[in-house]
1. If we scan region 28-35, do we find a residue that is exposed (fewer than 14 other Cβ atoms within 10 Å of the Cβ) and modelled with pLDDT of 95 or more?
2. Say whether the condition of being closer than 19 Å to N68 by Cβ, of a type in the set (A, V, I, L, M, F, W, C) and under 20 Å from the mean Cα position of the chain (by Cα) is met by at least one residue in region 29-36.
3. Please state which of the following conditions I69 fails to meet, knowing it meets all the rest: (1) exposed (fewer than 10 other Cβ atoms within 10 Å of the Cβ); (2) touching a helix residue (DSSP H, G or I) at 6+ places or on another chain (Cβ under 9 Å).
4. Only residues in region 20-36 that are over 18 Å from M46 (Cβ atoms) count as the first member; pair them with residues that are among the charged types (D, E, K, R) and surrounded by 12 or more Cβ atoms within 10 Å (Cβ to Cβ), Cβ under 9 angstrom, at least 6 apart or cross-chain, and list the lot.
5. Just checking, does region 38-51 include any residue being in contact (Cβ under 8 Å) with a residue 40 or more places away in the chain and either among the acidic types (D, E) or in contact with a Ser or Thr (Cβ under 7 Å, 6 or more places away or on another chain) (or both)?
Amino acid sequence: MVLNKNGPSMTPGQITVNIFGSDYTLVSDGNDSYLKSIAQYLDNKMREIDRSQNLKSSSRLAILAALNIAEELFQEREYTKKLLAQVNEEARRMNQTITELLEE
């Protein structure tokens, strides 16, 4: 997704975002606002970690931000998995009830 850092030229389909004080040129699939919101989320996450940790390295900040975001992703996947299991169980019960009612 990242074409270059601090790139001098922009072509159609590219946008520039600022993450933790650095500009990055990204390829956009046409949904620039979506890509910008992702970059803003990462920037916010890095700044949040920067406020709470005494790290001197932006690469360490980026790694911690990536780990935090990965943890959020895994938690959401687990939640979705549990929710899907509940929906499937409820659908199974409803199907069973409908079948029983039709057999009467």
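1. For region 28-35, residues exposed (fewer than 14 other Cβ atoms within 10 Å of the Cβ) and modelled with pLDDT of 95 or more: absent.
2. No.
3. I69 satisfies all of (1) exposed (fewer than 10 other Cβ atoms within 10 Å of the Cβ); (2) touching a helix residue (DSSP H, G or I) at 6+ places or on another chain (Cβ under 9 Å) except (1).
4. So the pair list comes out as S28/K36.
5. First, the residues of region 38-51 that are in contact (Cβ under 8 Å) with a residue 40 or more places away in the chain: none.
No; the residues of region 38-51 include none that is in contact (Cβ under 8 Å) with a residue 40 or more places away in the chain and either among the acidic types (D, E) or in contact with a Ser or Thr (Cβ under 7 Å, 6 or more places away or on another chain) (or both).
The values are calculated or read from the model by the stated rules, or taken from the named source; none is laboratory data. Since the structure is predicted, the reported quantities are computational estimates derived from the model, not experimental observations. Every residue, glycine as well, gets a Cβ built from its backbone with ideal geometry; the counts of neighbours run over all protein chains shown.
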